Structures are given as structure tokens and as C-alpha cells.
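To keep things clear, I will list the structure first and then write my remarks on it.
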Amino acid sequence: MRALTLRILALLMLAALPARAFETNASAAWVYDVSTGTVLMEKNSDQPLPPASMSKLMTLNMLFEALHDGRVTMDTTFPVSTKAWKMGGSKMFVEPADRPSVEELIHGIIINSGNDACVVVAEGLAGTEEAFARLMTERAPQIGMDASHFANSSGWPHPDHRMSMHDLGILATRLITQFPELYKNFALTDYNYKNRVPSNANNRNPLLGLGIGADGLKTGHTQEAGYGLVGSAMQGDRRVVFVITGLPSEKARAEEAERIVNWAYRQFTMRTIVPKGDIVAQAPVWLGDRSRVGLTTEDGVKVLLPAGAQAGVTAEAVFNGPVEAPISKGDHIGELVVNIPGAGQSRLPLLAADDVARAGVVGRLQNAAMRLGERAVQAATN
């Protein structure tokens with residue numbers, strides 16, 4: 001294992017105060033900068049908690065995956081069972097004679113927070129809601145959600161229905177990055193299925209329309225969970241995802257959500273420390289027609305710095321070396337581990353910057369002789 005430490009100081013010598021820590025009123029929270037992969041704040045974020053309607057995001061994920069792989073289309077229709085029709089709580093107000101389309105159901109879940117719409121989707125994709133809940137539970141760890149267990153499709157109170165705020169943040173980020181066209185539905189502000197839901201036609205997300213870049217995702221509320229929100233906002237080149245729960249009222253939820261968005265964008269600044277295409281390290285090559293290959297990142301390196309923080313950013317290129325030829329440009333060689341004081345650590349793939357062909361017979365003999373010489377020197381020094 002070879003490790004090269006790079007000190008990156010350019011443009012980063014600022015003032016000397018760290019970012020003001022955010023003290024949330026939520027009982028649990030997770031705040032994440034998607035653009036740089038940085039966790040900005042967390043509080044009880046890995047504790048499995050009742051997620052209320054925020055868990056409808058997992059039902060949407062399963063439906064988006066079905067759309068993505070062609071099992072359904074936006075025009076596919078599902079029947080409405082008696083169970084779905086009789087669901088309580090927030091509803092899209094489907095009836096047994098209806099055959100709502102996938103597109104209508106997406107709107108009914110996101111905007112109306114329809115418990116009935118969730119059951120229709122669950123039964124349409126898996127036959128029964130119980131089978132669908134099992135599928136969601138099995139799928140969760142496959143996409144990085146290790147503290148989630150589902151008992152139903154809607155977030156209806158159940159002792160075995162739990163998610164962590166971290167898992168909800170992972171899920172939100174997935175919906176944004178993996179399904180960008182479908183994600184646009186989260187910014188819609190009203191939907192009234194067949195003119196049946198005038199009292200429930202408005203999106204409950206309190207941040208939409210405030211002019212702060214908010215475009216999703218889902219509110220939740222039960223007596224056990226309190227008031228919660230999975231939110232996201234985009235300002236400039238930065239996207240922030242956040243999850244909060246346990247607030248005492250709709251008003252408190254709205255105020256806390258707006259406070260978090262303002263804090264995330266005012267207390268951190270994004271800086272480019274490695275431009276796209278720059279070589280950040282040289283890896284030794286074994287049995288190649290060249291002795292070294294440059295290592296680079298796919299899109300350069302951007303980091304978040306606490307506003308006014310003194311820089312001490314370091315980056316370490318870590319790879320197994322020497323790297324055996326042949327090597328193709330773009331091969332994943334190692335990782336660039338970036339340490340940011342006061343803001344944690346991020347890891348980015350290091351890729352080969354060029355092709356390196358395998359050496360001929362003479363070259364391989366020279367490589368072998370060189371390697372034997374290096375080992376002899378190492379043995380002597382030890």
C-alpha cells in the first residue's frame with residue numbers, strides 16, 4: 001500500500017473562526033450537502049424512529065424503479081381495492097371503480113400524501129401491501145439504508161415501521177440523483193384528483209414558493225412521530241438535503257426547515273481545490289511501458305469550508321502500488337481522501353489519467369530487476 005499526502009493550501013487561507021454550530025429543535029436530524037458529499041449536521045441521525053408519511057418516499061422509490069426498468073409506464077393503471085378505498089388519514093380519494101394511472105398516483109402520493117394511493121401502488125406492484133412492505137425492507141440495505149424496516153406502504157403507525165433520519169436522507173438523495181425527471185414532481189404545489197380533494201389539494205411542504213430554491217420532498221406527521229420533513233433546496237451549484245422530525249407543530253416544522261436551509265447556505269462556502277483534469281498524484285507502474293501513471297479525479301475536487309474557517313485542508317492519495325500494466329485511461333486506481341477541519345472527510349475515486357501498455361519482454365525484465373533491487377534496498381534498511 002502506497003500513500004501520498006498532498007497539502008492543499010491555495011485559496012484556502014481565510015480567517016480563523018469555525019462555522020457556527022446549528023442547534024436544531026428537532027429530536028433527530030440530518031443535513032447533507034449533495035454537491036460535495038459532506039454531512040453538515042446530524043443529531044440522533046442513525047436512530048430508527050417512526051417516520052410517518054416521510055416513509056412514502058420509499059414507496060415512491062419502488063415505483064420509480066419499476067418505471068425505470070420498464071415494468072410499468074406513466075400510463076399504466078392499477079385497480080383500487082376495498083382496503084385502499086377505506087384507508088384513513090390523508091387521502092387522494094380514489095374509489096373502487098377508479099383505475100388511476102401511475103402518473104396520477106405519483107401526484108396523489110407526493111401532493112395529497114394519499115395513504116390510499118400508497119396502498120394502490122403496493123398492491124399493483126406486489127399483489128398485497130404486506131408483500132410490498134417486505135420488498136421495501138429487503139431493498140433498503142441494498143441502497144445503503146441499514147436502519148429501516150417497513151410494515152406498510154404509507155407510514156401508518158405500526159411498532160415495526162421505522163426509519164432513521166440518515167436513511168431518509170440517503171433515500172432523498174437517491175430520488176434526486178437517480179430519477180431527475182421524476183423528481184420534478186416533488187415541486188408541484190397542488191393536485192385535485194377528479195375534483196374530489198379540494199380540502200387536501202395543496203402540497204404540505206412549507207418551503208415551496210419561498211424563493212430559497214426548495215423543490216421537495218415530503219412532510220410527515222403522527223402523534224408518535226411529531227412533525228417532520230424531508231426537504232431539499234438548490235442554490236447555485238449547491239444542493240442541500242435535510243431531514244428533521246419530532247417538531248411540536250406545523251409552524252415549528254416550517255420555521256426549523258427554513259432555518260436549516262439558510263444556515264446551510266450561509267455558514268458554508270464551496271471552494272475548488274483541485275480543478276477538473278489536474279493530476280493529483282503519480283502511481284508507480286509494474287510491467288508497463290512507462291514507470292508511472294498520473295492519477296486524477298473525474299470532476300475535480302470541491303470542498304465545503306465553514307464560513308470564516310482557517311484552512312488546513314489536506315488530501316491523501318491512497319492506492320495499492322505499484323499498479324500492474326496494462327492500464328486503461330479512467331481505470332479506478334485508488335481514492336483521494338480529503339480531510340476538512342470542522343467539516344469531516346470526503347472520499348473520491350482516483351482514476352488513471354492515461355493508458356499504459358504492458359511492456360515487452362525486455363521491459364518486463366528491466367521491471368523485474370528494478371523491483372528486486374528495491375526489495376534488496378528495503379531489506380538492507382530494515
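The values are calculated or read from the model by the stated rules, or taken from the named source; none is laboratory data. Predicted model only: the values in this text are computed from it and were never measured. Positions of Cβ are generated from backbone atoms using ideal geometry, with glycine treated the same way; all protein chains shown enter the neighbour counts.
Return yes or no: is Ala117 over 19 Å from the mean Cα position of the chain (by Cα), of a type outside the set (S, T, N, Q) and not in a helix (DSSP H, G or I)? In short, no.
The number of residues in segment 1-49 that are farther than 24 Å from Leu175 by Cα and at pLDDT 90 or above comes to 4. When Gly108, Gly127 are checked against the criterion of being free of Cβ contacts under 8 Å to residues at least 12 places away in the same chain and of a type outside the set (D, E, K, R), Gly127 stands alone in meeting it. Filtering segment 177-195 to residues that are buried (at least 16 other Cβ atoms within 10 Å of the Cβ) and over 17 Å from Gly231 (Cα atoms) leaves Tyr191, Asn192, Tyr193.
Could you list, in sequence order, all residues of segment 23-58 that are outside any loop (DSSP other than H, G, I, E, B), small (Gly, Ala, Ser) and over 30 Å from Val337 (Cα atoms)? Give the steps one after another, and end with the answer.
Going through segment 23-58, the residues outside any loop (DSSP other than H, G, I, E, B) turn out to be 28-33, 38-43, 49, 52-58.
This time we only want the ones that are small (Gly, Ala, Ser), so: 28-29, 52-53, 55.
Across segment 23-58, the qualifying residues are Ala52, Ser53, Ser55.
Do we find a residue being assigned by TED's automatic domain parsing to the domain that holds Gln47, touching a residue at least 60 places away in the same chain (Cβ under 8 Å), assigned to a loop (DSSP other than H, G, I, E, B) and aliphatic (A, V, I, L, M) anywhere in segment 182-199? Scanning segment 182-199, I find at least one residue that is assigned by TED's automatic domain parsing to the domain that holds Gln47, touching a residue at least 60 places away in the same chain (Cβ under 8 Å), assigned to a loop (DSSP other than H, G, I, E, B) and aliphatic (A, V, I, L, M), so the answer is yes.
Say whether the condition of being polar (S, T, N, Q) and part of a loop (DSSP other than H, G, I, E, B) is met by at least one residue in segment 166-181. No, segment 166-181 has no match at all.
Does segment 276-301 hold any residues that are under 17 Å from Val323 (Cβ atoms) and charged (D, E, K, R), and which are they? Talk me through it step by step, then tell me what you get.
Our first condition is that a residue be under 17 Å from Val323 (Cβ atoms); within segment 276-301, this holds for 279-297.
Once the filter is applied, which keeps residues that are under 17 Å from Val323 (Cβ atoms) and charged (D, E, K, R), segment 276-301 yields Asp289, Arg290, Arg292.
Just to be sure before I move on: is Gly288 in contact (Cβ under 8 Å) with a residue 24 or more places away in the chain, closer than 28 Å to Met92 by Cβ and crowded, with 17+ Cβ neighbours inside 10 Å in the structure I sent? It is false that Gly288 is in contact (Cβ under 8 Å) with a residue 24 or more places away in the chain, closer than 28 Å to Met92 by Cβ and crowded, with 17+ Cβ neighbours inside 10 Å. Restricting segment 45-86 to residues that are in contact with a helix residue (DSSP H, G or I) (Cβ under 7 Å, 6 or more places away or on another chain) and closer than 30 Å to Leu305 by Cβ, which is surrounded by the fewest Cβ atoms within 10 Å (Cβ to Cβ)? So, considering only residues that are in contact with a helix residue (DSSP H, G or I) (Cβ under 7 Å, 6 or more places away or on another chain) and closer than 30 Å to Leu305 by Cβ, the one surrounded by the fewest Cβ atoms within 10 Å (Cβ to Cβ) is Asp46.
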